[in-house]
Every structure is written in structure tokens, then in C-alpha cells.
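These notes are about the structure you will find just below.
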Amino acid sequence: MAKQKKQPRPKAEAPKGFRDYFGSEVTERQEMLATIAEVYRSHGFDPLETSAVETVEALGKFLPDVDRPNAGVFAWQEEDDGKWLALRYDMTAPLARVAAQFRNDLPSPYRRYTMGPVWRNEKPGPGRFRQFYQCDADTVGSGTVAADAEICGMLSTALEAVGIPRGDYLVRVNNRKVLNGVMEVAGVLDPSDPTRFEEERGTVLRAIDKFDKFGEEGVRLLMGPGRLDESGDFTKGAGLTPEQCDIVMGFMSAKRATGTATAARLRELVGGSVIGAEGVNELEQIAELLDIQGFGSDRIEIDPSVVRGLGYYTGPVFEAELTFEILDEKGRKRQFGSVSGGGRYDDLVKRFTGQEVPATGVSIGVDRLLAALRAKGRIGASHQGPVVITVMDRDRMGEYQLMAAELRAAGIRAEVYLGNPKNFGNQLKYADKRESPVAVIQGSDEADRGVLQLKDLVLGAKLAQEASLEEWKSQPAQVEVSRADLVAETRKMLARYEVK
């Protein structure tokens, strides 16, 4: 009998394109989500939580690949009914399903916000993961551009609330109707048959959405014969002629010094297109509404280069870009780029109901926004762990737990060391790994005298690295205090570092 092969041990690693988040990373995200949620709530939006799984049918074909409906998502087929299910690709398609399913129960307009992870089955890269958090706000059931203007103003307010000051960001606004007007002039859109040239328009949208990445030459290739990248991968183009490309690129460069001048230039480009002129009118209305509320061009501006790659947008589209510079992994300066986007999608709910249901919304890429704040040193500079109560005598565990309970009752994070207490040095090493500011020490001798030791781990580490012997003696990092003063003295020590 052949000897059975030993089952190999699984490799301890996250799947490609996924990562784990620890401690302060999770806390910082939770705090940011809470701040954004408060902004959304202040504008009258209510929370909504949907399933992470949707039917592929509900997600629709509004994904990167127009030919394969479940490309770009993690999908599987049910055994009992043969239906395809998928992890949600974004938060918008689930909202469209909810709005249709509960249309008789929800108020109209329905204003909701939602937060959570989404999954995309795309090629991962540096800083690009297959799972990431989104934070969305949408208004369903309102066709007025006042809803779009409100979303833009709310996005500006949210960015400032989480720590992005004015001058470090810009919300850029455009209108897909204007682009449709330009495509009509270019001969890639037939108003009498909207389905004609649909695939070509999708390719053009995705091409010009990559302008910042590939530049004008790369975009022209993607709109024309196709583009071969450095790895040898070929991306099929839209097949536009050079003349057609010129018309579309004219739209991309239509931005002028003022919103009024930009709108005038866009009117020239859309010519006699009815849909194009309607888009220009809507942009002018949005600019006027925002100006009345005090959102000037230093915060929100009209920019024709914003198109948004997804195909379901039907009107105004917007994108928030961080304008400050950071250093990339090779030490080169670059702008951080987009952290949020959205727009109007009046046809998405109609897929379920057959009836016109206008909708508009925005999505904030929370993980990218956190990365930007870390790059600027505005968060993540330091993290304070809990106070650690060391264990000198195992049979006094109840007393140590009581100390922790007293500190927690006073609003101070605290924990009792629950590893092997034999080696006291290992307990302090554990406290260092936890980034604990204070350690509490009490052996039987201290207990008999009704005292304990408080060790300032932050000061101790600093003195060990920088202080002379005289400074070490003059600034003791460990003090003896009365057991009754545990909370008061711990709070006093934490106050040195503004920690609670």
C-alpha cells in the first residue's frame, strides 16, 4: 500500500488583491465614517444597510465589460434555481433594487446614506485592492438639479469635516448630456436610436475617463484603433476616425477661466443638439444654486474633463479631487487625485419598474481618503493603546480585574495582561507592542501597603533613547501612588499626552 502523502500546510497569506487592517487603521476608518454620517444626517439623509450579495441580474450590465454581465464581479451560480449571485460591485445598484422593491413603503423622494465594503474582480495593483469601503449618499425620486447641487455641496462639507481644508480639494462638475451632445455632433450617437453605437460610446467614456492616466495620445488610441500597453496587453478601441476624436477632445479641453465662459464654449461644441443644450442649462443652474449657498469656484467648479467611466450616468456627474502633492513609492511628487465621484442615474430604477425614477448620488472612497490624510500626516502619527495592568501574583487576578474595571468606568481604556506572567519583562514588551502609555504594577508587598506603581511607558522610552543619567534621575518614569488614587493618578499621567 502506497504511503499517503502528508497534507501540505496552508500558506498564511491574504488572497491577491486583499489585505488585513489592524488597530488604528480600523479605528480611524470608523471615526471617519461616523464624521461623514453626521454630515449626511444633518442634510436629512437616513441610513440604509443592504446585503453584500445581489443577483447578477440586479447588478445589471453597468460594469466595466459591456459584453459579459458578470465580468468585474465575484459571482457564482446557485445549484437549486441556476441564478447567478455576486458580491456587490458598488452601493448604487443595490439601492436601485431597494427603491424598486419597497417603492410603496418608502417616502418619495427617498434620501439615504450607506457605508460598507464592496468587491471588484479586477486586476490588483499598488494601492488598488479588490475589496474596499465606500460611503454613499443618494436621493431617489427627485428630478430637479437642486438635488445634484445639494449632493455636491454636501460632498464639499464632508471633505472639510474629515480634515481636508479648502484649497486642498476641488469638486469638479460636468454633465453627461453635454458629452452626449458632443457625441451626437461627432456621429457616435443617434437620437432616434439610442442603442446604436452603444458599445462605441461605452469605450469612449472609459477612454476619456483615463485621461489623467494615459494622456491625450493614449486616449486618442483608445477612442480610435486601440492601445497596446507596456506589458503587451492590447485594449480594443472604439474605432473613431481622427476627425471624430478631434471633436471629443475639443469637449475635454473646453474649460475656461470662469463657469460662464466654460458654459458658453460648451454651447458652441454641442451645436444644434437638443440633449447637449439641456445639459449646459443644467450646469448653469447647478452653478447658480451652489453660488447662492457660498460654494465658490475654490470649492466646486464646472469642468468638462469629468466624465465618470460607468455607463449608467444620465445627467450631472461630479468628482472630488485632492489637489495637494504627495510622494509616491519611488519618492516622486504627484497629486493624490480622485477620492469621490457620483452623478445622476435616472434609468437605473427603471430597469426594475419600467417607470421613470430619477436619482442622483455620490460615493466617497473612504480607504483612499484615509490614505491621503496619512500621507499628509494628519492622522496616523501616533496611536495610544490601553493602560496595561501587569500581573505579579496569579492568585490576585480578581484584584487586577477590579483595577481595570475602575479605569474603564472612568472612561479610560484598560486591560489586564493575560499571557504568561512569569517573565515581567515580557509583560512590558507586550505593553510596548500595544503602544500602551501606562503600565500598572502591584505585587503583594505594594498590596499590603495599599499602594501601586504607575509606569509612564512613553516617558520611559523617550528617556531611554535621549536622556543623560542626570535627566533620567530627575524625571522618574515610574511613581508610587496610593491604591485609592489609581484612577486620578492614571488620568493625570495620561493627560501629559492628551489621551483618555
Note on segment 259-273: residues open to solvent by 30 Å² or more (accessible area, probe 1.4 Å) and part of a loop (DSSP other than H, G, I, E, B) are Gly271, Gly272
Return yes or no: is Val178 aliphatic (A, V, I, L, M), at pLDDT 90 or above and under 26 Å from the mean Cα position of the chain (by Cα)? no
Of the residues Leu170, Leu221, which is within 31 Å of the chain's Cα centre (by Cα), farther than 27 Å from Ala287 by Cα and open to solvent by 10 Å² or more (accessible area, probe 1.4 Å)? Leu221
Some residue of segment 134-143 being open to solvent by 50 Å² or more (accessible area, probe 1.4 Å), in contact with a Leu (Cβ under 9 Å, 6 or more places away or on another chain) and either in a loop (DSSP other than H, G, I, E, B) or closer than 20 Å to Ala320 by Cβ (or both): no
Only unsatisfied item for Ala410, checking (1) of a type in the set (Gly, Ala, Ser); (2) modelled with pLDDT of 95 or more; (3) over 20 Å from Val458 (Cβ atoms); (4) surrounded by fewer than 17 Cβ atoms within 10 Å (Cβ to Cβ), is (3)
Going by the structure shown, is Val39 at pLDDT 95 or above, more than 20 Å from Ile364 (Cα to Cα), under 21 Å from the mean Cα position of the chain (by Cα) and open to solvent by 10 Å² or more (accessible area, probe 1.4 Å)? no
Please name all residue pairs, on different chains or six or more residues apart, with Cβ atoms under 7 Å, provided the first residue is in segment 358-385 and is polar (S, T, N, Q) and the second residue is in a loop (DSSP other than H, G, I, E, B) and modelled with pLDDT of 80 or more. Ser363/Asp90; Ser363/Met91; Gln384/Glu435; Gln384/Pro437; Gln384/Tyr497
For segment 7-32, what are the residues that are within 18 Å of Gly127 (Cα to Cα) and β-branched (Val, Ile, Thr)? Val26
Among (1) more than 21 Å from Met32 (Cβ to Cβ); (2) under 23 Å from the mean Cα position of the chain (by Cα); (3) open to solvent by 60 Å² or more (accessible area, probe 1.4 Å); (4) at pLDDT 90 or above, the one test that Lys123 misses: (4)
Matching entry among Leu95, Leu59, Leu85 (being hydrophobic (A, V, I, L, M, F, W, C), under 20 Å from the mean Cα position of the chain (by Cα), over 17 Å from Val339 (Cα atoms) and surrounded by 15 or more Cβ atoms within 10 Å (Cβ to Cβ)): Leu95
Determine, yes or no, whether Val26 is modelled with pLDDT under 95, open to solvent by less than 80 Å² (accessible area, probe 1.4 Å) and touching an Asp or Glu at 6+ places or on another chain (Cβ under 9 Å). no
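Which one of Gln355, Gln335 is surrounded by fewer than 21 Cβ atoms within 10 Å (Cβ to Cβ) and either touching a Cys at 6+ places or on another chain (Cβ under 6 Å) or assigned to a strand (DSSP E or B) (or both)?
Testing whether each residue is surrounded by fewer than 21 Cβ atoms within 10 Å (Cβ to Cβ) and either touching a Cys at 6+ places or on another chain (Cβ under 6 Å) or assigned to a strand (DSSP E or B) (or both) leaves just Gln335.
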Give segment 110-120 a look and list any residue that's open to solvent by less than 60 Å² (accessible area, probe 1.4 Å) and of a type outside the set (Val, Ile, Thr), or say none. Tyr110, Arg112, Tyr113, Met115, Gly116, Pro117, Trp119, Arg120
Among (1) modelled with pLDDT under 95; (2) surrounded by fewer than 23 Cβ atoms within 10 Å (Cβ to Cβ), there is one condition Gly153 misses while meeting the rest; what is its number? (1)
Which residues, taken from segment 191-216, are touching a strand residue (DSSP E or B) at 6+ places or on another chain (Cβ under 9 Å) and exposed (fewer than 14 other Cβ atoms within 10 Å of the Cβ)? Asp212
Lone unmet requirement of (1) over 23 Å from the mean Cα position of the chain (by Cα); (2) farther than 14 Å from Tyr345 by Cβ for Gly143: (2)
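This table checks each residue for (1) without any contact (Cβ under 8 Å) to a residue 24 or more places away in the chain; (2) loosely packed, with under 13 Cβ neighbours inside 10 Å; (3) within 27 Å of Arg97 (Cα to Cα).
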| position | (1), (2), (3) |
| --- | --- |
| Asp20 | yes, yes, no |
| Ala34 | yes, yes, yes |
| Phe45 | no, no, yes |
| Thr55 | no, no, yes |
How many of the residues making up segment 236-258 are in contact with a strand residue (DSSP E or B) (Cβ under 8 Å, 6 or more places away or on another chain) and open to solvent by 70 Å² or more (accessible area, probe 1.4 Å)? 2
Restrict the check to segment 453-462 and report whether at least one residue is outside any helix (DSSP H, G or I) and of a type outside the set (D, E, K, R). yes
Need the failing condition index for Leu155 against (1) farther than 29 Å from Ala14 by Cα; (2) in a loop (DSSP other than H, G, I, E, B); (3) touching a residue at least 12 places away in the same chain (Cβ under 8 Å), just the number. (2)
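The values are calculated or read from the model by the stated rules, or taken from the named source; none is laboratory data. Here the structure is a predicted model, which is why all the values come from computation and not from measurement. Positions of Cβ are generated from backbone atoms using ideal geometry, with glycine treated the same way; all protein chains shown enter the neighbour counts. Only protein heavy atoms, including side chains, enter the accessible area calculation; ligands, DNA and RNA are left aside. Shrake-Rupley method; radii C 1.70, N 1.55, O 1.52, S 1.80 Å.
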